[in-house]
Amino acid sequence: MPDATDPAPMNARRKFRREGEERRRQDLIEATLDSVAEYGLQGASLRTIALRAGVTAGLIRHYFPGKEELLQEAYATLVGRMTEHAKAALVAEDASPRQRLAAFVTANLNAPIIDTRVFSLWATFLGRAGADPALARAHREGYLGFRNEVEAVVAEVLAAEQRKPDASQLRHHAIAINAVIDGLWIEGCLAGEMFLPGELAAIGIKAVETELGLAPLEQFQEK
């Protein structure tokens, strides 16, 4: 038997329980996304989600007050995952700010971010945001989080070019670049077979360079 005077075993059990609960919570979110993808928002009932997650519907309420809160968390997870995939491209050794920006744009316009299932889920949730303030808030937070990442990398690029834009100029650039990426992303998700490999990314990089008044980086245009 563990020694009750020794805190280590009890701490280990508490840590294991926290990790187990977080895993179960994440499993419920994944089951929700799968259910919404297959049945839509109305068809993704707590019973359907519970069956897919392999738990009882009652257990879901241990983690989420109800279906609405679970849907909100699932949407926030979906959007946050897309941003995190794109941010991973910024972590490149020996890359210049412009190379990092190009890699960021490229990541947004390739798999796994360009994906018909991801787009379908995003559009499904967004279609309900107008009538659901919590989903609308999750959407705004996701949008602003992504735009902040764009603004930060743009600031690095312009600093390397010996340019010092003010806050309003950075905001303007980030809004425009976000719009370019969004538009090309939608095209890629809906009709990816119509484009050559790397074509959307090349167009995106060129549009971003034009927005920022930069000379083209030929090595990225050729990829």
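Miscellaneous remarks
- Meets criteria (open to solvent by less than 30 Å² (accessible area, probe 1.4 Å) and under 22 Å from Ala202 (Cα atoms)) for Ala88: no
- Selection from the range 178-198 of residues that are without any contact (Cβ under 8 Å) to a residue 40 or more places away in the chain and either among the acidic types (Asp, Glu) or in a helix (DSSP H, G or I) (or both): Asn178, Ala179, Val180, Asp182, Gly183, Glu187, Ala191, Glu193, Met194
- Test: residue in the range 136-152 that is assigned by TED's automatic domain parsing to the domain that holds Ala191, open to solvent by less than 20 Å² (accessible area, probe 1.4 Å) and assigned to a loop (DSSP other than H, G, I, E, B): no
- Arg163 falls short on exactly one of the conditions (1) closer than 28 Å to Thr116 by Cα; (2) among the basic types (Lys, Arg); (3) not in a helix (DSSP H, G or I), and that condition is (1).
- The one condition in (1) surrounded by 13 or more Cβ atoms within 10 Å (Cβ to Cβ); (2) modelled with pLDDT of 95 or more that Phe220 fails to fulfil: (2)
- The lone exception for Phe104 - which of (1) within 20 Å of the chain's Cα centre (by Cα); (2) surrounded by fewer than 16 Cβ atoms within 10 Å (Cβ to Cβ); (3) not aliphatic (A, V, I, L, M) it fails: (2)
- Out of Glu38, Glu69, Glu22, Glu73, sole residue that is modelled with pLDDT under 90 and closer than 28 Å to Trp122 by Cα: Glu22
- Within the option set Arg128, Arg140, being basic (Lys, Arg) and touching a Leu at 6+ places or on another chain (Cβ under 7 Å) holds for one residue only, Arg128.
- Every residue from the range 199-220 that is over 18 Å from the mean Cα position of the chain (by Cα), more than 20 Å from Tyr143 (Cβ to Cβ) and touching a residue at least 60 places away in the same chain (Cβ under 8 Å): Leu200, Ile205, Leu214, Leu217, Phe220
- Scanning the range 55-80 for residues that are buried (at least 17 other Cβ atoms within 10 Å of the Cβ) and touching a residue at least 60 places away in the same chain (Cβ under 8 Å) yields Leu71, Gln72, Tyr75, Ala76, Val79.
- Scan of the range 107-131 for residues that are more than 21 Å from Ala174 (Cα to Cα), in contact (Cβ under 8 Å) with a residue 60 or more places away in the chain and surrounded by 14 or more Cβ atoms within 10 Å (Cβ to Cβ), ordered by number: Asp115, Val118, Phe119, Ser120, Leu121, Thr124, Phe125, Arg128
- The helices (runs of 4 or more DSSP H) falling completely within the range 34-135 include none with 2 or more residues that are at positive phi and either basic (Lys, Arg) or not assigned by TED's automatic domain parsing to the domain that holds Glu156 (or both).
The values are calculated or read from the model by the stated rules, or taken from the named source; none is laboratory data. Predicted, not measured: the structure shown is a model, and the values here were computed from it. Backbone-built Cβ (ideal geometry, glycine too); neighbour counts: all protein chains shown. To get the accessible areas, we keep the full protein, side chains included, count just its heavy atoms, and leave off ligands, DNA and RNA. Shrake-Rupley method; radii C 1.70, N 1.55, O 1.52, S 1.80 Å.
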